[in-house]
Amino acid sequence: MDVMAKTSTTTQGLRAAIERSGYYPALVAEAVEAAVGGEPIRSYLVHQETTFDANEVRRHVTVLVLTGHRFIVSHTDEQAADDTSPTPYATTSTESVKLGRISSVVVSRVVANPESYTPGTLPREVVLTIGWGAVSRIDLEPAACGDPNCEADHGYTGNSTADDLSLRVSETGDGPETVRQALAFAQSLSEATADLAR
């Protein structure tokens, strides 16, 4: 398959995945396509999630796209009518990140019965965390020394964690194909960032 045909197939696959999610596909596709522009798509992941907020059911969709030079995140949320709008509305945002800014790609896999795990078996859950320095989380706690009788103030100790995007998919909630797609996307992104480091 030549590069142009593969690019067209990948673009059509992304569009079909957005439509399958059933979540305002025209709005989501337009935002994603505008952010991607004419760049060939190397990999993508579409994740639609339903959450429960007090008495409301809320849906949102996240679309991740990898091109040759950029990582694109699109997120769409729906909102009920409120003081600012008499009708329900949706908010769509896209962020385009140069691949060189990706500082970490963390893939956490949850597998059942690890003692009998067979390589290639699909995890029951995958959490993909990607950091590029836009958002950091700092966890602080009082520092202490080993002396149980010490009453001195030792300041604070903590960790700073890049936490720009964290996405959880599960076989039960999202289906095995979404878990496979999440793993494939994570591998493509990891390979792309590794290529830049060489």
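The values are calculated or read from the model by the stated rules, or taken from the named source; none is laboratory data. Being a predicted model, the structure only gives us computed values, none of them experimental. Note that we place each Cβ from the backbone using ideal geometry, even for glycine, and neighbour counts take in every protein chain shown. Accessible surface areas use protein heavy atoms only, side chains included; no ligands, DNA or RNA. Shrake-Rupley method; radii C 1.70, N 1.55, O 1.52, S 1.80 Å.
Structure notes:
- Cβ-Cβ under 9 Å pairs, at least 6 apart or on other chains, the range 76-97 side under 20 Å from Glu33 (Cα atoms), far side among the aliphatic types (A, V, I, L, M) and modelled with pLDDT under 90: Glu95/Ala134; Val97/Ala134
- The residue that is nearest to the chain's Cα centre (by Cα), counting only those in the range 23-58 that are among the β-branched types (Val, Ile, Thr) and modelled with pLDDT of 90 or more, is Val46.
- Candidates in the range 34-70 are the residues that are more than 26 Å from Gly133 (Cβ to Cβ) and of a type in the set (Asp, Glu); of these, the one that is least open to solvent (accessible area, probe 1.4 Å) is Asp53.
- First in the range 100-111 and over 12 Å from Ser166 (Cβ atoms), second anywhere and part of a loop (DSSP other than H, G, I, E, B) and among the charged types (D, E, K, R), Cβ under 8 Å, 6 or more apart: Val110/Arg124; Val111/Arg124
- For the range 71-84, the set of residues classified as within 23 Å of Ser96 (Cβ to Cβ) and open to solvent by 50 Å² or more (accessible area, probe 1.4 Å) consists of His75 only.
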